[in-house]
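Step one of this worksheet: look at the structure below.
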Amino acid sequence: MIFYPGGLESALTSTEIRQGIEKFEPWFYAHDLGNGFHTTPAIPPQVVHIHNTRLAMVEAAVALHFGPRVQGLECLDIGCHEGFYAVAMSRHGMSVTGIDAREENLQRARFVAAASGAGVRFRQGRVETLACDEGRTYDLTLFLGVLYHVEDPMLCLRQVAAVTGEMCIVETQVVDEVEGFAEWGAREWTRPYQGIIALINESGEFNAGNRETGVRPMATCPSPKALLFMLWQAGFSHAEILSPPPDAYEQHARGKRVVCAAWR
Ligand SMILES: C[S@@+](CC[C@H](N)C(=O)[O-])C[C@H]1O[C@@H](n2cnc3c(N)ncnc32)[C@H](O)[C@@H]1O
């Protein structure tokens with residue numbers, strides 16, 4: 001039996017943890033499983049820091065909004081992958097559920113949670129049908145790194161809003177803003193753009209079985225203004241793009257990826 005600081009207790013023996021780490025390779029994240037156990041991510045070393053930045057930004061936003069209420073919060077991690085953020089939220093005392101479209105990711109997530117002594121529930125599900133599948137709300141929802149892999153971002157954000165009780169944190173790649181006016185029935189009648197959505201062909205990665213893609217080969221990527229406009233239209237009362245910390249991952253520092261907090 002392995003014990004972790006903070007009262008968490010691993011459900012697995014050292015041998016089981018060692019075997020699990022090997023069995024589920026390749027890993028996407030550098031999971032710290034405690035007691036010297038960790039996984040080595042297969043992503044390029046210079047990209048690994050992305051997760052430190054995102055986690056630091058999520059933790060700061062959650063602490064600022066919820067304060068001491070963090071203990072016991074109900075959190076839904078949508079597109080939870082190997083459970084990196086779900087387990088991190090659980091370590092803050094939240095009751096966490098993770099959903100993901102891919103069972104192969106969820107198997108790793110369950111192992112990570114068991115090895116870390118985190119009581120996170122994981123189940124297969126798609127963001128496109130979330131509201132109906134869940135039938136309830138969570139105080140905090142995380143929608144990290146998923147929006148730019150989906151075919152229908154507005155549908156997905158409506159689903160995310162429907163299961164968000166209080167605050168949602170969205171993290172996404174963004175495209176450069178395009179400003180302008182669309183003609184709207186006559187040369188002199190125009191409407192300003194509210195940001196843009198780029199269409200992305202992800203079929204190469206999708207057909208190669210990449211575990212990070214969406215459930216269809218077509219992806220979309222919003223500009224920052226489009227993201228804020230869609231969040232509002234999806235049912236969030238206000239949303240803001242958060243400033244990255246000074247040591248942020250280079251994409252966050254350059255504004256090519258953003259972390260956005262949205263409130264119901
Ligand atoms: C790029 S990874 C991001 C994982 C994690 N949230 C993070 O930020 O590190 C995208 C994850 O979302 C899952 N996913 C993609 N499309 C989904 C969908 N439509 N519904 C639910 N999960 C989806 C993938 O299986 C993958 O685990």
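When the Cα centres of the stretch 183-222 and the stretch 121-143 are compared, how far apart do they sit, in Å? Result: 23 Å between the Cα centres. Highest mean packing comes first when the peptides 232-241, 79-88 are listed by Cβ atoms within 10 Å, giving 79-88, 232-241. Calculated FRET efficiency, residue 14 to residue 55, Cβ-Cβ distance, R0 = 25 Å: about 0.45 to the nearest 0.05. Annotation: amide H-H contacts under 5 Å for residue 77 (H modelled 1.01 Å from N, sequence separation of 5 or more, or interchain): 97, 98, 99, 142.
Converting phi to 3J(HN,Hα) with the Karplus coefficients 6.51, -1.76 and 1.60 and the offset θ = phi - 60°, the stretch 106-119 yields 5, 4, 5, 4, 5, 5, 4, 5, 5, 5, 8, x, 9, x Hz in sequence order, with x at every glycine or proline.
Taking every DSSP beta bridge that has both residues in the chain, what percent is antiparallel when rounded to the nearest 5? Around 55 percent of the beta bridges assigned by DSSP in the chain are antiparallel ones.
Note that the chain shows a convex hull volume over its alpha carbon atoms of 136 Å³ per residue. Using the Cβ-Cβ distance between residue 91 and residue 181 with R0 set to 45 Å, the FRET efficiency works out to roughly 0.40.
Each Lys and Arg contributes +1 and each Asp and Glu -1, all at the Cβ; summed about the Cα centre of the chain, the dipole is approximately 260 debye.
Can you tell which of 34, 117, 204 shows the greatest fluctuation in a Gaussian network model of the chain with Cα springs below 10 Å? Checking each option, the largest mean-square fluctuation is seen for 204. Could you run the Debye sum over the Cα atoms of the stretch 137-264, one equal point scatterer each and no solvent, and tell me log10 of I(q)/I(0) at q = 0.12, 0.15, 0.18 Å⁻¹, two decimals? Cα-only, vacuum Debye calculation for the stretch 137-264: -0.50, -0.76, -1.02. So which residue, out of 187, 102, 110, gets the largest mean-square fluctuation from a GNM of the chain using Cα contacts under 10 Å as springs? So, out of 187, 102, 110, the one fluctuating most is 187.
Each reported figure results from applying straightforward, stated rules to the coordinates on display, with no laboratory input. As the structure is a prediction and not an experimental result, all values here were calculated from the model. Positions of Cβ are generated from backbone atoms using ideal geometry, with glycine treated the same way; all protein chains shown enter the neighbour counts.
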